[in-house]
Amino acid sequence: MDHPTESPLPNETHMNRREFVQLSACAAASALAPACISPTEPVQTTADVSVVRGTDLNTMARDVLDALGGIEQVVHEGERVFIKPNMVTLPWADNRNPFALGECTKVEILVSVTEQCLQVGASEVVIGDGSHAPVLNWENAVTLDGSTDLVREADRLMSEYGKPVWIASLETESPQWLEVPSDTYLGTIAVSSLAMTVDRVISIPVAKTHSWAQLTLALKNFIGITPLHRYGDLPDTPDRGVVLDHSSPRAIAEIYLDIVQGVKPDLTIVDFSIGVEGDGPNLSHGGRTVDLRDRHGSWFLLASTDIVAADATAARIMSHDPVGISQLTMAYGRGMGEIREDRIRLVGAQLDDLRVPWAKADLQNLTQSSMGGCVMHPCGGKQRYA
C-alpha cells in the first residue's frame with residue numbers, strides 16, 4: 001500500500017496544538033502528594049474513564065466512546081488523525097497469531113475507531129506502528145474470527161467514505177523524523193512525523209505486563225514511533241537498546257514520557273479482551289495469555305482523554321497499585337494526568353467489579369547485567385519491546 005502523502009514540517013503553532021491541562025502546584029510537586037482540599041471540601045474528579053463490557057469489540061469500541069460523549073468530542077471535521085496500536089509481534093504473524101495470544105491490539109477495535117473518525121468528518125486517518133522489522137505485513141493483522149484483515153478493512157473504509165485511510169510501517173513510510181525535547185541523556189528523541197503533524201493522536205494499546213517497564217499500556221505504546229535505524233537492532237544497526245536505556249523501569253519511562261509530552265495524545269482506548277500477564281510483553285519472552293472471558297466472564301474496553309488516568313485505571317484492573325508503577329507516578333509528577341483513584345470517575349462500571357488477578361512481571365533489568373546502560377535480553381539481543 002502506498003504510504004501517506006508527505007506532510008509539511010509542523011510550524012511552532014502546530015507543534016503546540018494540544019497543550020496538556022496542568023495539575024495544581026501541590027499535585028505536581030510530588031507523585032504521592034495528597035489532594036489540596038480541606039477535610040470538609042468534597043473531592044472533585046478531574047478525569048473520566050469510561051468502561052464497557054461485552055464480546056463484540058466493534059460495538060464495544062463505539063459504546064466506550066459514546067460514554068465519553070462520542071468520538072466527536074475529540075475528532076472534528078477536516079482533522080487528520082494518527083492511531084497508534086501495539087503491533088510488537090506482528091513481524092512473526094506468519095507462524096503464529098499474536099492477536100489471539102494477546103500480544104497485539106485487536107483489528108476490530110482499530111477498524112471501529114477509524115470508521116468513527118471518518119463518520120465525524122476526519123479528512124485522513126493513519127494507523128501506524130514500528131516494530132522489529134522495517135516493513136510490517138499488515139495483511140497478517142487479522143480479526144479474531146479470521147474473516148478479514150486490516151488492509152482489506154482500510155480499503156473498504158476508503159471506498160465507503162472517500163477519505164484516505166493509510167496503514168504505515170513507520171520505519172519506511174515516515175516522511176520525516178522529528179525531534180522532541182528530552183531531559184534525558186539523549187537531549188532529543190526522534191519520532192515519526194506521521195504522529196507529529198496531525199491534529200489528533202489516539203493510543204490503542206493492549207493490556208500487558210512488561211519485564212522491563214512493569215506495564216505496557218498507552219504511555220509505553222509510544223516507544224513504537226521511534227526509528228529502528230537510530231535505536232534499532234537490525235543487522236546494520238546493532239545498538240538497539242543501548243541508545244534507549246532500559247536499565248530500570250524509571251530509566252526507560254523517562255524516555256517514553258518525553259515522547260508522550262511531545263506528541264500530546266488526545267484519546268486512549270485500552271484493549272482488555274486478550275492480553276498478556278507475567279513476563280511480557282509477549283509469550284516467547286515468558287508471558288502468558290489472559291483471555292478476560294475466562295477470567296472475568298466478558299471482555300472490556302476502557303477509554304479516556306486523560307492518558308495517565310486510563311493507564312492508572314488499567315493498572316488497578318490488573319491488580320497493580322499505580323503508586324508502585326514508576327511510569328505512572330512519574331507522569332503524575334510531571335502534571336501529565338491523574339492517577340489518584342478518588343479523582344478518576346469511572347463511567348459504566350465499578351472498579352471492584354473489574355479487578356482481576358494479573359500476574360506481575362519479574363523485572364529483568366533489576367536482576368540481569370546491563371551493557372551500555374541497557375539490559376541484555378536472555379537470548380543475547382538488546383531489546384526495545386513495546
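At-a-glance table
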read-out: Proxy reagent accessibility, fewest Cβ within 10 Å first, across TRP212, TRP177; value: TRP177, TRP212
read-out: Per-residue Cβ neighbour rank within 10 angstrom, fewest leading, VAL263, VAL126; value: VAL263, VAL126
read-out: Rounded if a/c under 1.5, otherwise prolate or oblate - the stretch 44-375, Cα gyration tensor axes; value: rounded
read-out: Dipole in debye (nearest 20) - the stretch 44-375, about Cα centre, beta carbon charges: Lys, Arg +1; Asp, Glu -1; value: 540 debye
read-out: Contact order normalised by residue count of the stretch 44-375, Cα under 8 Å, 6+ apart, percent; value: 23 percent
read-out: Exposure proxy ranking, count of Cβ atoms within 10 Å, fewest first, for SER304, SER182, SER193; value: SER182, SER193, SER304
read-out: Derived scalar couplings ³J(HN,Hα) [the stretch 57-69; Karplus, 6.51 cos²θ - 1.76 cosθ + 1.60; whole Hz; x for Gly, Pro]; value: 5, 4, 5, 4, 5, 6, 5, 5, 7, 4, 5, 8, x
read-out: Over 22 Å (Cα to Cα) - which of LYS106/LYS220; LYS163/LYS220; LYS84/LYS360 fall in this group; value: LYS163/LYS220; LYS84/LYS360
read-out: Where labels lie 7 Å past Cα in the beta-carbon direction, separation of THR172 and THR289 in nm; value: 2.9 nm
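Every number here is computed from the coordinates shown, using simple stated rules; none is lab data. This structure is a prediction, so every number in the text was calculated from the model and none was measured. Cβ sites come from the backbone with ideal geometry, for glycine too, and all protein chains shown count toward neighbours.
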